[in-house]
Structures are given as structure tokens and as C-alpha cells.
Amino acid sequence: MSLPTATSLPIIGRLAPSPTGAQHVGNARTFLLAWLSARAQGGKLILRMEDIDSPRIKAGAAQQAIDDLRWLGLNWDEGPDCGGPQFSYVQTERRALYDSALAELKQAERIYPCTCSRSEVAAAASAPHAGQEGPRYPGTCAGNSSAAAEHLAPGSFAWRFRTSDERLLLHDGFAGEATCNVQQALGDFVIAKADGTPSYQLAVVVDDHEMGITEVVRGDDLLPSAFRQLQLYEFFDWQPPRFIHVPLVIGEDGRRLAKRHGDTRLATFRAAGVQPESMLGLLAWSCGFQFDARPIRAQDLLHSFSWQRIPREPFVFTTPMKDDLLRLP
């Protein structure tokens with residue numbers, strides 16, 4: 001099955017940092033591409049704070065993310081700091097919308113209560129797994145009806161979405177055509193946690209629909225999430241956005257940029273006196289928008305922005321690159 005993507009609607013993109021920690025060089029590259037794509041098309045941008053994962057939220061990280069993005073020279077038309085027609089641009093303040101969507105899913109028996117722990121799911125896996133996706137859920141609780149939750153202790157179960165056994169075709173704006181049978185490859189997925197809070201999958205679909213988002217630019221590690229989200233769009237009969245999944249920034253060990261690669265936080269570079277144009281010059285060079293890493297402003301990259309110029313492989317952020325940035329005045 002091939003699902004439509006938004007192509008003729010006014011362009012509305014979004015920057016959606018998660019304040020679970022500081023924004024780093026990898027986040028900056030993806031945010032820059034999202035900003036350039038929307039602005040190059042004459043579209044608008046919405047800033048949304050994705051703080052629904054409350055146990056992992058770091059105090060002050062939301063404001064720091066705003067400061068980091070402003071430092072880079074990126075701007076937006078609506079957001080938690082400047083307002084807009086949405087009643088909130090912070091996910092934890094949008095809970096009523098998610099609860100309403102969950103009620104629809106329960107009524108249609110598209111979700112069911114699941115008492116399986118992560119260790120039980122891993123133990124039941126029929127094959128080894130790698131990466132952040134984890135093992136496919138084996139369907140242990142799939143026979144439960146939504147009403148079964150009435151007989152379970154609060155906090156003892158999560159809600160899982162019943163995936164359909166069909167092959168989805170995604171026309172990704174960078175990765176090209178990709179296909180996936182969610183039920184067979186990924187299995188039924190958690191859509192609300194044991195404490196009742198919605199999962200990332202549900203929250204972003206509801207928010208992107210309510211905010212009229214037509215273009216989603218994010219790291220290609222989230223490509224499997226696109227297929228899960230397409231099933232939600234299909235259920236609600238909502239128009240999905242155009243998905244554009246871009247290569248990640250990785251360390252010299254070939255793994256996604258993280259704390260193990262040292263301090264690559266934007267706040268650290270800011271505090272050290274690094275000019276944003278220097279950071280943007282490195283990112284622009286990594287994307288093929290200029291032949292070297294000379295300093296440049298975000299708005300000056302609009303004329304050279306092109307998805308075709310971006311390398312297909314991940315960008316390796318090396319220690320010498322970091323040292324060079326810190327040495328610049």
C-alpha cells in the first residue's frame with residue numbers, strides 16, 4: 001500500500017528538540033537542514049518542545065535548546081517563546097489531545113493493554129536484534145480487548161497499537177522509496193506507557209496533524225518510526241507530511257554522536273566563544289553546500305541549499321574538527 005504525502009500544501013516545517021539533554025552538533029545539522037528546506041520553499045517553521053518523555057527531561061534544557069537554535073541563526077514563526085494560534089507548543093501541555101486520540105483508538109479496538117516487560121519481550125524474541133529498535137514484539141498480549149484494562153492494576157500495563165499486515169510504501173524526500181510491513185518487521189508498538197503518558201509515536205502524529213505540519217526533516221535512525229506513524233495517519237484518516245530522513249552525524253567509531261565521543265554540545269562551543277558562523281561553515285561543508293568550512297550565516301546558505309548535494313553517508317565529526325572549532329576566534 002502506498003500512502004500519499006503532502007506535496008501541494010503550503011510548506012510548514014518544524015524544529016522539535018527534546019529537552020532530555022543538551023543539543024549537540026548532530027542535532028544542529030538536522031535542524032539546519034529542516035530550516036533551510038522550509039525557508040528555501042518560502043514556508044514557515046514551528047518550534048515544538050517534545051518533552052513528553054518526562055522522566056528523562058533535564059531542568060533548563062528547553063531554554064538551552066532555544067538559545068542554541070537562536071545562536072545558530074535559526075528562527076521560527078510560532079513556538080513556546082513567541083506564541084501562535086496553538087494553545088501550547090510544549091507537549092506536556094497538550095495531554096488532552098493525546099488522551100482524545102487514545103480514546104478513539106480504544107473505541108475502535110486498535111490498541112490493547114500489554115503487561116509484558118522489556119525483558120520478557122527480549123526473552124521471547126525469535127532472533128537476535130541490533131540497534132535501538134529492539135526485538136519485535138511477539139504478540140503475547142494481542143488477544144486482549146481494550147476492556148481488559150479494567151481488570152488490571154493501574155500502572156501494570158502499557159497500551160500497544162495493533163499493526164496491520166500490509167506492506168507500506170514511503171516516498172522519502174531524501175532516502176527515496178522504502179517499504180515495510182510493520183506487523184511483520186516491527187510488531188505491535190507501545191502507544192501509551194504504563195503511567196498513561198503517550199508515546200513518541202502518538203504524540204508527534206497528533207501534534208504534526210494539529211499544527212498542519214507538511215514536512216518532517218529528521219535523522220534516518222527514525223525511518224522505522226515513519227512506518228509506524230503512517231499506520232496511525234491511516235487510522236485517523238489524516239494527511240501525512242512529507243518525510244525526509246537525513247544521514248546522522250557519527251563519531252570516529254562509526255556510532256551515532258553521543259557522550260562517549262566527548263563534549264559536542266552546542267552550549268560548550270558557545271561558552272568557548274566559537275562563532276555560530278564557524279559552526280555553520282563546518283555543517284554546510286559536511287552537506288556539500290560549499291567546498292570548504294569557511295564561516296557563513298544560515299541565511300546565506302539558502303541559495304546553495306539542495307537535497308541532491310548532501311552526501312548519502314553519515315558525517316563523521318572528528319576530534320580534529322572539534323579542536324579546530326575551539327581554536328577559532
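Working note: Debye formula, equal point scatterers on the alpha-carbon atoms of segment 95-203, no solvent; log10 I(q)/I(0) at q = 0.11, 0.17, 0.20, 0.23 Å⁻¹ is -0.38, -0.89, -1.15, -1.36.
Between Ser119 and Phe236, what is the FRET efficiency for a Förster distance of 35 Å, r being their Cβ-Cβ separation, to the nearest 0.05?
On the way: r = 33 Å, r/R0 = 0.93.
Computed FRET efficiency for Ser119 and Phe236: 0.60.
Here the relative contact order of the chain, from alpha carbon pairs under 8 Å that lie six or more residues apart, stands at 21 percent.
Among the cysteines of the chain, those with no neighbouring cysteine Cβ under 4.7 Å are Cys82, Cys116, Cys180, Cys287. For segment 37-143, the average shadow cast by the Cα convex hull is 10.8 nm², which is a quarter of the hull's surface.
Please work out the ratio of the alpha-carbon Rg of segment 250-329 to 2.2 N^0.38 Å and round it to two decimals. Spell out each step's value before the answer.
Working: Rg = 12.9 Å, N = 80, 2.2 N^0.38 = 11.6 Å.
Compared with the compact-globule rule of thumb, segment 250-329 sits at 1.11.
Annotation for segment 150-223: GluC sites (Glu not before Pro) lying in DSSP loop with at most 16 further Cβ atoms inside 10 Å of their Cβ are Glu166. Here Lys193 is the anchor, and the lysines within straight C-alpha reach of less than 23 Å, apart from those fewer than 8 places off in the same chain, are Lys58, Lys106.
Mind giving me the FRET efficiency for Ala194 and Thr319? R0 is 45 Å, r the Cβ-Cβ distance, nearest 0.05 is fine.
Numbers: r = 41 Å, r/R0 = 0.91.
After rounding, the FRET efficiency stands at 0.65.
Rounded to the nearest Å, what's the spacing between the alpha carbon centres of segment 167-185 and segment 268-285? Just the number, please. That distance is 35 Å. For the chain, leaving out every one of the chymotrypsin sites (Phe, Trp or Tyr not before Pro) that falls in a DSSP loop and has at most 15 other Cβ atoms within 10 Å, the longest unbroken run is 88-237.
Rounded to the nearest 20, the size of the Cβ-charge dipole of segment 95-203 about its Cα centre is 180 debye, with Lys and Arg at +1 and Asp and Glu at -1. For segment 195-309, what does the alpha-carbon gyration tensor say about shape, rounded, prolate or oblate, given a ≥ b ≥ c as the root eigenvalues, a/c under 1.5 as rounded, and a/b over b/c as prolate? Taking the square roots of the gyration eigenvalues as a ≥ b ≥ c, segment 195-309 is prolate.
Highest GNM mean-square fluctuation among Pro198, Pro241, Pro314, for the chain modelled with Cα contacts below 10 Å: Pro314. Beta bridges from DSSP with both residues in the chain: antiparallel share about 55 percent, rounded to the nearest 5. Each listed q (0.08, 0.09, 0.13, 0.14 Å⁻¹) maps to a log10 I(q)/I(0) for the chain, found by the Debye formula over equal Cα scatterers with no solvent: -0.39, -0.50, -1.04, -1.19.
Where a number appears in this text, it was derived from the coordinates with a stated rule and is not lab data. This one's a predicted model, so the numbers in the text were calculated from it and none came from an experiment. Note: ideal-geometry Cβ built from the backbone for every residue, glycine included; neighbour counts use all protein chains shown.
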